[in-house]
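Working notes, structure below.
The values are calculated or read from the model by the stated rules, or taken from the named source; none is laboratory data. Please read these numbers as outputs of a predicted model, since none were measured by experiment. Positions of Cβ are generated from backbone atoms using ideal geometry, with glycine treated the same way; all protein chains shown enter the neighbour counts. These area figures cover heavy atoms from the full protein model, side chains too; ligands, DNA and RNA do not enter into them. Shrake-Rupley method; radii C 1.70, N 1.55, O 1.52, S 1.80 Å.
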Protein chains: 2
Amino acid sequence: MKAALIEQLRSIVGAAQVLTDGDLTAWEQDWRKRVRGKALAVVRPGSTAEVAAVVRACAGAGVSIVPQGGNTGLVCGGTPDESGTQVVLSLQRMTAVRSIDRENLTMTVEAGCILQSVQEAAQGAGLLFPLSLAAEGSCTIGGNLATNAGGTQVLRYGNARELCLGLEVVNAQGEIWDGLAGLRKDNTGYDLRQLFIGSEGTLGVITAATLKLYPQPAAALTAWAAVPSMALAVQLLELANERLAAGLTGFEVMGQFALSLVAKHHPQLRVPFVEDSPWGVLLENSDHESEAHARAQFEGLLEAAMEAGVVTDAVVAENLAQAHQLWHVRESIPLAQAEEGLNIKHDISVPISRIPAFCEETDALLTAAIPGVRLVNFGHLGDGNLHYNVQAPEHGDAAAFLRGEEARVNAIVHDQVHKFGGSISAEHGVGSLKADKLPKYKSPVALSMMRAIKQALDPRGTMNPGRVLLG
Amino acid sequence: MKAALIEQLRSIVGAAQVLTDGDLTAWEQDWRKRVRGKALAVVRPGSTAEVAAVVRACAGAGVSIVPQGGNTGLVCGGTPDESGTQVVLSLQRMTAVRSIDRENLTMTVEAGCILQSVQEAAQGAGLLFPLSLAAEGSCTIGGNLATNAGGTQVLRYGNARELCLGLEVVNAQGEIWDGLAGLRKDNTGYDLRQLFIGSEGTLGVITAATLKLYPQPAAALTAWAAVPSMALAVQLLELANERLAAGLTGFEVMGQFALSLVAKHHPQLRVPFVEDSPWGVLLENSDHESEAHARAQFEGLLEAAMEAGVVTDAVVAENLAQAHQLWHVRESIPLAQAEEGLNIKHDISVPISRIPAFCEETDALLTAAIPGVRLVNFGHLGDGNLHYNVQAPEHGDAAAFLRGEEARVNAIVHDQVHKFGGSISAEHGVGSLKADKLPKYKSPVALSMMRAIKQALDPRGTMNPGRVLLG
């Protein structure tokens with residue numbers, strides 16, 4: 001049975017693209033090295049027709065499929081379980097940029113395109129594909145769409161969902177749905193595209209997508225502001241929204257402790273105002289007119305913010321190198337945090353207006369529960385999305401902390417998120433890591449509708465089982 | 001049986017809110033007076049709990065429900081059939097603005113809120129709710145979301161879909177799903193919100209929504225440009241996107257014949273350049289800085305367009321009154337067209353880059369098929385959405401034309417739309433008017449997935465049957 005399926009898969013994609021032996025770590029282990037699975041085979045189709053044939057072959061054999069892009073997911077959604085019975089369907093060979101339509105501001109790409117290649121292809125046509133996130137050098141656009149990826153430009157351009165106009169999908173029956181329209185308006189029935197986006201491979205396999213492009217801005221400037229409190233950071237966001245409107249393409253908040261870890265572990269980086277300010281805010285202003293106009297706008301905003309007492313100090317990067325340095329500080333937080341030791345990560349969102357109260361209350365609960373606990377709080381404040389991470393107390397046994405406290409810390413944070421009307425997974429998805437938590441935090445009516453949809457579109461339950469919805 | 005249900009409905013919403021006698025034209029006849037149905041009863045619940053109880057009562061009796069908002073739909077999706085067996089569930093009493101959250105840039109409103117009231121409530125809080133369309137004084141936000149309404153601001157702010165962060169829905173089982181989160185990022189499972197938006201009441205009843213708000217622009221200026229061809233109109237759009245970027249909040253194209261009908265039937269309106277120019281384009285530039293800046297940007301764009309030969313003449317409105325006049329010309333086209341006589345309407349979209357070729361080819365096909373036919377072509381070029389309407393030849397019998405030619409004209413236009421990768425319903429939806437056309441133009445794989453979802457969420461088939469999907 002197993003051998004027959006492998007033979008069939010070989011005949012579909014070629015023997016060289018069915019991996020069963022040797023070191024399959026790259027496909028079997030997740031990005032954060034939290035889990036290590038065992039695949040029946042790693043299958044690497046080279047076309048949509050091959051994907052469809054692979055899905056039909058697996059369906060016929062009753063074998064489950066785990067679709068995989070760049071394998072950079074953070075919730076163990078793209079690696080196989082330990083049973084050795086699941087086929088990993090890797091899209092990494094499907095990397096064609098099928099077309100770019102400048103006048104329509106769209107491009108059609110295959111699922112295995114690396115996000116950075118998509119950005120570069122757009123740039124090559126003089127346009128912008130704005131999705132941007134830390135893993136962009138490795139993650140694929142198919143994975144970005146399957147998980148509805150977020151990143152740093154969401155407050156202006158939306159999540160991956162908002163950047164996709166059409167999809168090509170192989171459904172659980174192995175049929176190809178060609179929904180690759182480059183249309184900004186199409187009201188001919190249920191928006192299936194939206195259902196597949198963010199469904200983490202549990203309903204079908206995204207094989208290609210038509211993406212929205214934008215004109216490139218004439219200039220993008222970066223500023224760093226020192227802010228006395230989270231409440232004032234929210235006020236700064238309000239001011240920036242009013243004055244820069246769609247020009248505001250980045251608004252990242254970083255707590256002093258998070259920044260102090262960067263200063264400690266990456267002493268070569270200059271971290272602005274880290275000694276003096278409880279919070280740092282990184283702002284990006286993208287301007288379609290000119291750099292001079294962008295700078296004048298930025299300076300006007302920051303002066304007004306200082307006069308209003310919202311900002312105590314600020315600097316606008318003088319050139320691209322300085323801007324990159326500021327972004328580099330922001331992007332170094334996860335690494336500095338890892339260098340400081342083991343920690344408990346969260347990816348939460350809360351209505352922006354409630355973030356100051358959420359942080360104050362949750363900080364207090366955690367500090368009371370675990371004396372000496374250290375909070376590494378940073379994130380995309382413009383989207384209400386915080387990476388509210390919890391670091392072991394100094395000089396303690398971090399491994400023991402993680403073993404002993406992770407469940408309790410997660411419960412405290414997630415209960416608070418729930419109380420404040422937020423989401424326990426803002427941008428990373430559910431995968432298998434958080435699937436057991438949905439029943440506690442998600443409406444039972446929503447869960448029962450999700451189950452009905454899963455049953456309707458994947459009645460055999462072979463598409464990425466155990467992810468998002470538990471059986 | 002019937003009497004027992006009516007009794008039960010009366011006990012749920014109060015006898016005064018169950019209409020069975022008298023003139024029910026307002027609920028039984030569609031906006032364009034194309035169909036006149038007969039309801040078992042018109043039920044007007046006052047709360048979400050009442051909606052849920054009504055749905056449960058009807059489900060128990062096996063009676064179908066037709067949800068209705070402002071009854072301004074253009075595809076016969078919200079009026080009952082002629083059988084006298086369907087309950088019209090009118091949301092018009094649920095008009096509360098439940099909350100406005102300025103810092104989160106969101107508001108939560110009930111489904112029966114008139115769109116204009118939503119706009120005004122946002123304005124009252126110093127913010128902008130950008131959805132705007134001709135029926136805004138009568139249509140409801142619940143209907144806007146159920147049909148994923150479009151309108152004139154889509155190129156900047158998106159369709160109704162993109163303006164909604166959360167929904168409250170009564171599903172086909174009469175359960176209440178509270179999905180009213182004001183979150184810009186939430187990746188905890190399938191995006192049910194997106195499934196209900198645009199499903200035209202066939203999966204459940206939208207009872208409330210959390211909407212995105214934006215800062216109000218400092219100024220919004222309107223310009224009118226004379227453009228020699230549709231290809232040059234597309235070039236003007238490209239230039240405007242580059243120079244105004246997100247400032248470009250309106251881009252409407254209007255053919256000379258469409259404008260000549262306005263000039264003929266509404267002689268009090270001054271239609272710019274109507275004698276001399278094959279096309280007129282209405283542009284809106286919304287600026288967060290100042291009116292002076294908006295004007296300078298606009299003038300720079302139009303000068304560049306004239307130098308490039310894209311525009312032959314242009315005018316920027318000097319004040320609000322002039323701007324309103326220009327918009328009034330655009331909005332008078334449907335009325336002037338009706339005054340000219342019966343005509344065949346389309347609501348299509350095509351990739352923007354292909355619109356010139358689509359128009360050229362389709363004009364030629366229609367003119368060859370029906371000598372003397374007159375084309376009233378206008379629409380939201382920024383979204384690739386044209387109202388490509390077909391007027392009877394002059395001096396002919398328009399009623400006979402409509403009877404004899406509507407099916408043939410629709411087939412020519414829709415076949416062309418299909419050939420050019422477009423949609424036969426860009427913003428109006430499917431309703432019962434176009435439900436029979438989907439099987440010809442929509443992928444069978446998509447249709448079978450839509451049917452599976454309908455069956456999963458509404459297994460009894462009592463939610464707005466015969467709309468979107470035929471039995």
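Residues checked against (1) over 14 Å from A:THR202 (Cβ atoms); (2) of a type in the set (S, T, N, Q); (3) within 13 Å of chain B (Cβ to nearest Cβ):
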residue: A:GLU406; (1), (2), (3): yes, no, no
residue: A:SER423; (1), (2), (3): yes, yes, yes
residue: A:ALA426; (1), (2), (3): yes, no, yes
residue: A:ASP436; (1), (2), (3): yes, no, yes
residue: A:LYS442; (1), (2), (3): yes, no, yes
residue: A:VAL445; (1), (2), (3): yes, no, yes
residue: A:ARG451; (1), (2), (3): no, no, yes
residue: A:GLN455; (1), (2), (3): no, yes, yes
residue: A:ASP458; (1), (2), (3): no, no, yes
| Among the residues of segment B:330-362, which ones are outside any helix (DSSP H, G or I) and within 14 Å of another protein chain (Cβ to nearest Cβ)? | B:HIS346, B:ASP347, B:ILE348, B:SER349, B:VAL350, B:PRO351
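Confirm whether A:GLU7 is of a type outside the set (Ser, Thr, Tyr), at pLDDT 95 or above and part of a loop (DSSP other than H, G, I, E, B). Steps first, answer last, please.
Numbers: of a type outside the set (Ser, Thr, Tyr): yes; at pLDDT 95 or above: yes; part of a loop (DSSP other than H, G, I, E, B): no.
No: the conditions fail for A:GLU7.
Filtering segment B:28-40 down to residues that are open to solvent by 40 Å² or more (accessible area, probe 1.4 Å) and touching a residue at least 24 places away in the same chain (Cβ under 8 Å), which residue is farthest from B:LEU433 (Cα to Cα)? Before the answer, list the steps.
So in segment B:28-40, the residues open to solvent by 40 Å² or more (accessible area, probe 1.4 Å) come out as B:29, B:31-36, B:38.
The next check asks that each one be touching a residue at least 24 places away in the same chain (Cβ under 8 Å); those that pass are B:29, B:31-32, B:34-36, B:38.
Working: B:GLN29: 14, B:TRP31: 13, B:ARG32: 12, B:ARG34: 9, B:VAL35: 10, B:ARG36: 13, B:LYS38: 17 Å.
That would be B:LYS38.
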| message | For the condition of a type outside the set (D, E, K, R), more than 20 Å from A:VAL205 (Cα to Cα) and not assigned by TED's automatic domain parsing to the domain that holds A:GLN153, what is the one hit in A:ALA52, A:ALA16? | response | A:ALA16
| task | Look through B:SER117, B:SER99, B:SER83, B:SER90 and report the one residue that is at pLDDT 95 or above and within 14 Å of another protein chain (Cβ to nearest Cβ). | result | B:SER99
| Among (1) of a type in the set (Val, Ile, Thr); (2) out of contact with any helix residue (DSSP H, G or I) (no Cβ under 7 Å at 6 or more places or on another chain); (3) at the interface with chain B (Cβ under 7 Å from one of its Cβ atoms), the one test that A:VAL417 misses | (3)
| Across segment B:111-126, what is the total count of residues that are open to solvent by 10 Å² or more (accessible area, probe 1.4 Å), of a type outside the set (Ser, Thr, Tyr) and not in a loop (DSSP other than H, G, I, E, B)? | 7
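Out of segment A:44-58, which residues are polar (S, T, N, Q) and in a helix (DSSP H, G or I)?
First pass over segment A:44-58, keeping only residues polar (S, T, N, Q): A:47-48.
Once the filter is applied, which keeps residues that are polar (S, T, N, Q) and in a helix (DSSP H, G or I), segment A:44-58 yields only A:THR48.
Residues that are of a type outside the set (Gly, Ala, Ser) and under 22 Å from the mean Cα position of the chain (by Cα): does segment B:239-249 have at least one? Outline the logic, then answer.
To start, the set of residues in segment B:239-249 that are of a type outside the set (Gly, Ala, Ser) comprises B:239, B:241-244, B:248-249.
Remaining after also requiring under 22 Å from the mean Cα position of the chain (by Cα): B:248-249.
Yes, some residue in segment B:239-249 is of a type outside the set (Gly, Ala, Ser) and under 22 Å from the mean Cα position of the chain (by Cα).
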| field | Residue in segment A:142-186 that is farthest from the other protein chains (Cβ to nearest Cβ), counting only those that are open to solvent by 10 Å² or more (accessible area, probe 1.4 Å), in a loop (DSSP other than H, G, I, E, B) and free of Cβ contacts under 8 Å to residues at least 12 places away in the same chain | value | A:GLY158
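Considering only residues of segment B:419-460 that are part of a loop (DSSP other than H, G, I, E, B), within 25 Å of B:SER83 (Cβ to Cβ) and without any contact (Cβ under 8 Å) to a residue 40 or more places away in the chain, which is least open to solvent (accessible area, probe 1.4 Å)?
Quick first cut of segment B:419-460, residues part of a loop (DSSP other than H, G, I, E, B) only: B:420-422, B:424, B:426-437, B:442-443, B:458-460.
Those left that are additionally within 25 Å of B:SER83 (Cβ to Cβ): B:428-437, B:458-460.
Filter once more, keeping what is without any contact (Cβ under 8 Å) to a residue 40 or more places away in the chain: B:435-437.
Details: B:ALA435: 2, B:ASP436: 93, B:LYS437: 48 Å².
Going through the qualifying residues, I end up with B:ALA435.
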| request: Find all pairs meeting these conditions: Cβ atoms under 7 angstrom apart; at least six residues apart or on different chains; first residue within segment B:50-67 and at negative phi; second residue at pLDDT below 95 and open to solvent by 20 Å² or more (accessible area, probe 1.4 Å). | output: B:ALA61/B:MET1
| field | Residues that are in a strand (DSSP E or B) and away from every other protein chain (no Cβ under 14 Å), drawn from segment A:368-404 | value | A:ARG374, A:LEU375, A:VAL376, A:ASN377, A:PHE378, A:ASN389, A:VAL390, A:GLN391
| remark: Those helices (runs of 4 or more DSSP H) completely within segment B:205-324 that have 2 or more residues that are within 14 Å of chain A (Cβ to nearest Cβ), farther than 29 Å from B:THR147 by Cα and open to solvent by 10 Å² or more (accessible area, probe 1.4 Å) are B:230-244, B:291-307
| said: Kindly evaluate A:GLY379 against the criterion of being at positive phi and surrounded by 23 or more Cβ atoms within 10 Å (Cβ to Cβ). | reply: yes
